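Chemist: Right, I'll just put the structure down here and ask away after.
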Amino acid sequence: MRDRGYLFQCTNLKALDTALLSSTPTSPLSAYLGFDATADSLHVGSLLQIMILRHLQKSGAQPVVLVGGATSKVGDPTGKDESRKMLDDDDIGNNIKGISKVFETFINFEEDNEEEGQPKAKMVNNEDWLGGLKYLNFLRDYGTYFTVNRMLSFESVKQRMARENPLSFLEFNYMILQAYDFLELSRREGVQLQLGGSDQWGNIVQGVELTRKVDQKQVFGLTAPLITTSDGKKMGKTEGGAIWLNADKFSPYEYWQFWRNTADADVARFLKLFTEIPLDVIEKLSQLEGASINEAKKILADEATALLHGPDCIASIRETADNLFASKSDGAAGDTSGLERVVLSRSDLGTAKAVDMFLQLKLATSKKDAKRLIAGGGARIVNEQITDEAYVLREEDFVDGECVLRAGKKRAGVVVLEE
C-alpha cells in the first residue's frame, strides 16, 4: 500500500501493521469505508478508497462498506462551502441502489474465497443504529466524550468558518455521528480499521478515540492522500462535469477516454493507484517518453476500464477510438458502437438544434457551453465544422441513420435517426 501511494496518515501504523499480519482466514482484520448516498452514482474521486478496500480483501482482510442511510440526512460539511441539499427517504433509497452497483464490481460480497484466503465483504447501513437513537439518551451517554474545543480545531470546521459560510448545528454534529458509527461497527462487526480520504482525518480520529474511551478497544484510522492532477486540479473533475462510475451516467467509452487523456506526468502514479499492474511493470512503463508514453496511457485506460466495466468492452472501445476520427470517403465515422447515443424523431429534422443535441449527448454542460464550443471551432459533424450556433440537423447530416457529433478532438456522440 505504501509503495503504490495509498498511505497518508495513520493513528498507529506499527500496531496496524502487526494487526494485519496477525489476520487469519478464520479471524480476519475487518476494515470499513463509509459513503453517504448523496447521489445515485459514485464518481472517480471515490475510486481510490474502493481500490484500497479491494487490495485489503485480496490480502485477507474483510471489507465492510457502510452506506449512510442516516448520515445522508445530515450531510458531511467536510470541504463544502454550503450545506448539502436535504434528501428524503426515497431519494436516499434510490441513491443507495445506484452506488451499490459499483462496490459489487470491485469487491466480492458473494462468498468466501477460501483458496485465496479472502473473506467475503459485508454491506451495512447506519440507519440501522442511528435511525432509532433517542436524543437525550445519546447526549447523556456519549456527549461527554466530545469537546467543542477539540471539534473546532479540526481542519474541516476551521476551513468552513474561515470562509465565513454558515455551519449549521446539524452539520456540526456529523463528526459525532461518524465517530459513533465506528464504535457501533466495532461492536457489531468487530471492525478494527476505518479508511477515508485525508480530509476525513478529524472525523476518523474522533471515532478511534470514542471507541478507546467507551469500550477500551484499540482501533485504527488510515487515510489516503487526496489526489490531484499534476497541474494542481482535483482528480475526477473535467470541463464536462464529474466522471461518474455508473455506465448509465458516463459511458464505458467516455470513461476509457478520461484515462486515455491523462497528462504525461500523471501516468505512472495513476497506474499504481488505479490498476493492479505489478509495480515492476509500471516502473518500465514509466520510462517511456515522447509519443511512446501514449501506449502507457492506453494500458492505463484499458486496465482501469476493465476493472469497472469488465474486460469484454475493451476491444469495442479500442476499435471505436481508433476508427472514430478517420474520415471515410462516404462521410461515415468508423465504428461508433461505444459512443453515447440519443434518438431523434424524423419529424424533428430541420428543427432539432445542434446545441440541444450536444447537451443531450453530454458533450456540453449547458446550451451556453455548446454555443461556446461552436464559437471556438470545436464542434463538428464527423469532420465538418459547425459554425452557426443556430444550426439544425438535416437529412444529409446522417449516414446510415447516424449523425456523429464531435466536441474537440476526442469526445463524440451519436444522434440516431428514428426509423
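Chemist: In the list Glu115, Glu127, Glu104, which residue meets the criterion of being free of Cβ contacts under 8 Å to residues at least 24 places away in the same chain and closer than 25 Å to Gly196 by Cα?
Modeler: One residue alone meets the criteria, Glu104.
Chemist: If I ask for residues that are hydrophobic (A, V, I, L, M, F, W, C) and either touching a Cys at 6+ places or on another chain (Cβ under 8 Å) or not in a loop (DSSP other than H, G, I, E, B) (or both), which ones from the range 18-42 would you list?
Modeler: Listed by number, the residues that qualify are Ala19, Leu20, Leu21, Ala31, Leu33, Phe35.
Residue-wise test of (1) out of contact with any helix residue (DSSP H, G or I) (no Cβ under 6 Å at 6 or more places or on another chain); (2) open to solvent by less than 10 Å² (accessible area, probe 1.4 Å); (3) free of Cβ contacts under 8 Å to residues at least 40 places away in the same chain; (4) not hydroxyl-bearing (Ser, Thr, Tyr).
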residue: Ser23; (1), (2), (3), (4): yes, no, yes, no
residue: Ser46; (1), (2), (3), (4): yes, no, no, no
residue: Ile50; (1), (2), (3), (4): no, yes, no, yes
residue: Lys58; (1), (2), (3), (4): yes, no, no, yes
residue: Leu66; (1), (2), (3), (4): yes, yes, no, yes
residue: Val74; (1), (2), (3), (4): no, no, no, yes
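Chemist: Of the residues Lys272, Lys234, Lys284, which is under 14 Å from the mean Cα position of the chain (by Cα) and open to solvent by 60 Å² or more (accessible area, probe 1.4 Å)?
Modeler: Going through Lys272, Lys234, Lys284 in turn, the sole match is Lys234.
Chemist: Can you tell me how many residues in the range 245-268 are in contact (Cβ under 8 Å) with a residue 60 or more places away in the chain and in contact with a Leu (Cβ under 6 Å, 6 or more places away or on another chain)?
Modeler: 2
Chemist: Considering only residues that are in a helix (DSSP H, G or I) and polar (S, T, N, Q), which ones fall in the range 248-305?
Modeler: Matches in the range 248-305: Gln257, Ser292, Asn294, Thr305.
Chemist: Sticking with this one: Among the listed residues Thr223, Thr211, which satisfies the condition of being under 30 Å from Phe182 (Cβ atoms), free of Cβ contacts under 8 Å to residues at least 60 places away in the same chain and of a type in the set (Ser, Thr, Tyr)?
Modeler: On inspection, the qualifying residue turns out to be Thr211.
Chemist: Being among the small types (Gly, Ala, Ser) and under 14 Å from Leu33 (Cα atoms) is the filter here; which residues of the range 191-231 pass it?
Modeler: Listed by number, the residues that qualify are Gly196, Gly197, Ser198, Gly207, Gly221, Ala224.
Chemist: Out of (1) modelled with pLDDT of 90 or more; (2) part of a loop (DSSP other than H, G, I, E, B), what's the single condition that is false for Leu48?
Modeler: Unmet condition: (2).
Chemist: Can you name the residue in the range 117-132 that is among the aliphatic types (A, V, I, L, M) and open to solvent by less than 60 Å² (accessible area, probe 1.4 Å) and, of all such residues, is nearest to Tyr180 (Cα to Cα)? Don't jump to the end; show me each part of the working.
Modeler: Going residue by residue through the range 117-132, those that are among the aliphatic types (A, V, I, L, M) are 121, 123-124, 130.
Add one more test, that the residue is open to solvent by less than 60 Å² (accessible area, probe 1.4 Å), and what stays is 121, 124, 130.
Working: Ala121: 21, Val124: 14, Leu130: 9 Å.
That would be Leu130.
Chemist: For the range 30-44, give me the residue count where each residue is free of Cβ contacts under 8 Å to residues at least 60 places away in the same chain and under 19 Å from Gly241 (Cα atoms).
Modeler: 1
Chemist: So, in the range 152-182, how many residues would count as being aliphatic (A, V, I, L, M) and touching a residue at least 40 places away in the same chain (Cβ under 8 Å)? Show your work before the answer.
Modeler: Taking the range 152-182 and keeping what is aliphatic (A, V, I, L, M), we get 152, 157, 161-162, 167, 170, 175-177, 179.
So of that shortlist, the ones also touching a residue at least 40 places away in the same chain (Cβ under 8 Å) come out as 157, 167, 170, 177.
Within the range 152-182, residues that are aliphatic (A, V, I, L, M) and touching a residue at least 40 places away in the same chain (Cβ under 8 Å) number 4.
Chemist: Only one residue in Gly350, Gly377 is modelled with pLDDT under 90, part of a loop (DSSP other than H, G, I, E, B) and loosely packed, with under 14 Cβ neighbours inside 10 Å. Which one?
Modeler: Being modelled with pLDDT under 90, part of a loop (DSSP other than H, G, I, E, B) and loosely packed, with under 14 Cβ neighbours inside 10 Å holds for just one of Gly350, Gly377, which is Gly350.
Chemist: May I ask you to verify whether Val343 is in contact (Cβ under 8 Å) with a residue 40 or more places away in the chain, open to solvent by 40 Å² or more (accessible area, probe 1.4 Å) and in a strand (DSSP E or B)?
Modeler: When the stated conditions are applied, Val343 passes them.
Chemist: Let me ask something else about it. With the structure loaded, tell me whether Asp91 is among the acidic types (Asp, Glu), over 30 Å from Phe250 (Cβ atoms) and surrounded by 13 or more Cβ atoms within 10 Å (Cβ to Cβ) or whether it fails that test.
Modeler: So Asp91 fails the test.
Chemist: How about the range 174-228: which of its residues are open to solvent by 30 Å² or more (accessible area, probe 1.4 Å), polar (S, T, N, Q) and either more than 18 Å from Ser46 (Cβ to Cβ) or at pLDDT 95 or above (or both)?
Modeler: Answer for the range 174-228, where residues must be open to solvent by 30 Å² or more (accessible area, probe 1.4 Å), polar (S, T, N, Q) and either more than 18 Å from Ser46 (Cβ to Cβ) or at pLDDT 95 or above (or both): Gln192, Gln216, Gln218.
The values are calculated or read from the model by the stated rules, or taken from the named source; none is laboratory data. Just so it is clear, the structure is predicted and the values come from calculations on it, not from any experiment. When we count neighbours, we look across all protein chains shown, and the Cβ atoms used for this are built from the backbone with ideal geometry, even at glycine. Remember, those area values only see protein heavy atoms, side chains included, never the ligands or the DNA or RNA. Shrake-Rupley method; radii C 1.70, N 1.55, O 1.52, S 1.80 Å.
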